[in-house]
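What follows is a short report on a single structure.
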Amino acid sequence: MTQFDYLQLSRNVPYTLNVNLADPSIAYKNGNATTAKVTNPFYNLLPATQMPGTLRTQATVAVSALLTPYPQYGTLNQWFTPGAGDHYNSLQISLRRAYSSGLTVMMGFNYNRENAQGYYNDIATFARDLTWIPAQSAKARMTGAAIYELPLGKGRHFMANTNRLVDGVLGGWNVSAVFTYNTGTPIRLGAATVTGDPALSHPTSGEWFNTSMVSVLPSFTVRTNPVQYDDLVGPRMVNLDMTVAKQFRIAERVKFELRMEDYNALNALTPAAPNVSIGNANFGKCVGALAGTSGRQIQLGGRITF
C-alpha cells in the first residue's frame, strides 16, 4: 500500500486574454445610456478590404459598441498569456495484492483540492485582476479492479491433469471487474442573484437545488454571488464493468478465447448535471444521463492467440 500527499504549484500558466474590452463600470454607472443607438462614426469609413467586420456596414450602433479600445474589431484574443497560477493538493492511496489462489485485487483513491487563478467577474476581467478560484472538478475518485482465475483445469491448482473434454467445460475460466466511483462536480450558477446557499440536503433529479433562492441578476448590476458552493455538487457517478472469459486450448501453442463483456453491469443511471439556465423549464432539474454513460451493454467477442 502507498499513501502520500501530492502538492503541485504551477506559475505563469498560459491563458487566453481578450484585449478588446470596454470598461464595464461605465455601463454599471450609466445604465441604459450605454445601450442607446447613436450615429456610427465607422459607417462606410473604409472599404471592406481595409476594415472587415459588421461595424462598417451599420448606420447606427449602440454606445457600448464604441467603448472598446478597437471598436472596428470584435474579440481580440491574446493567446498563451503568461501569469496565471494553479495549486493542486491531493491525498492518494493505492493498494495491490496478488493471492496464490489466482485472485488479484487493485484499488486506488484520490482526494484533491485544486485552485486556479481566473477572473471572478467582468470588473476583474477588465482590470486583469486574477484571483484564486476553486476548480470545477470532482473532489474524490475511487477505482478498483479484480481479476480471478478460477483454479480449475489444465495448468491450475485443481484438475491440472484432467482430460481435454472436462478441461474444455470447467477449465480456463477468468472473471474480472472494474469499479469506478466519482463524487459530483461542483455546480456553477454563473452571475445571478442568490440569497444564501441553495444546496439541498437531499437533492433529487426533479429538484437538485433550491431554485427559489436563485434569480436573474438585474441589468447593470455587478456580480457578487460565489463562483460555486462546497456543498452544491452534481450527481455522483458509480459504474461497474465485468468480463467473463473462457480459454479453449486448441493445440499446445494455439488458444481460442471467448469473452463476454458487461459494461455498466449494475445498469446504474448517472444523471446529467442539473440545468442552470435561469428561467428554463428544467432549471434545477437533472434531465437525461451524464454524457459518455449509458445503460447496461453486453458485448461478445472471441480471439485466437498463437
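Some observations on this one:
- Residue-wise HN-Hα coupling along the range 72-81, computed from phi with Karplus coefficients 6.51, -1.76, 1.60 (Hz; x: Gly, Pro): 6, 10, x, 6, 10, 8, 9, 7, 6, 6
- Local electrostatic count at GLY302 - Lys and Arg +1, Asp and Glu -1, tallied over other residues with Cβ under 14 Å: +2
- Length added when fully stretched, GLN50-GLN297, from 0.36 nm per residue minus Cα-Cα: 83.2 nm
- Extension gain from TYR88 to SER212, taking 0.36 nm per residue of separation minus the Cα-Cα distance: 41.2 nm
- Extending 7 Å from Cα along the Cβ direction at LYS37 and again at MET107 yields two label points whose distance is 6.8 nm.
- Local charge for ALA191 was computed over the other residues whose Cβ lies under 13 Å away, with Lys and Arg +1 and Asp and Glu -1, and equals +1.
- Cross-link partners for LYS37 among the lysines, with Cα-Cα distance under 20 Å and sequence neighbours closer than 8 places in the same chain left out: LYS29.
- The slack in the chain from ALA199 to ASP23, taken as 0.36 nm per residue of separation less the alpha-carbon distance, amounts to 60.0 nm.
- Counting beta carbons within 10 Å around each of LEU46, LEU67 and listing the fewest first gives the order LEU46, LEU67.
- Neighbourhood net charge (12 Å Cβ-Cβ; Lys/Arg +1, Asp/Glu -1) for ALA145: +1
- The chain: most fluctuating residue of PRO52, PRO203, PRO235 per GNM, C-alpha cutoff 10 Å: PRO52
- The range 123-138 residues near the modelled THR16 label - backbone nitrogen below 11 Å, point 7 Å along Cα→Cβ: none
- Result for the chain in a Gaussian network model with C-alpha springs under 10 Å: among PRO41, PRO198, PRO271, the largest mean-square fluctuation is at PRO41.
- Counting only aspartates and glutamates at least 8 places from LYS246 when in the same chain, those with an alpha carbon closer than 14 Å to its own are GLU149, ASP167, GLU257, GLU261.
- Straight-distance crosslink candidates among aspartates and glutamates, where the alpha carbon sits under 13 Å from LYS139 and sequence neighbours closer than 8 are dropped: GLU114, ASP230, ASP231
- Spin-label model, ARG236/ALA177: points 7 Å from Cα along the beta carbon direction are separated by 1.7 nm.
- Choice from THR180, THR39, THR143 showing the highest fluctuation, given a GNM over the chain with Cα pairs closer than 10 Å: THR39
Computed from the coordinates by the stated procedures, all read-outs in this text should not be read as laboratory data. Here the structure is a predicted model, which means the values were calculated and not measured. Glycine gets a Cβ as well: all are built from the backbone with ideal geometry, and neighbour counts include every protein chain shown.
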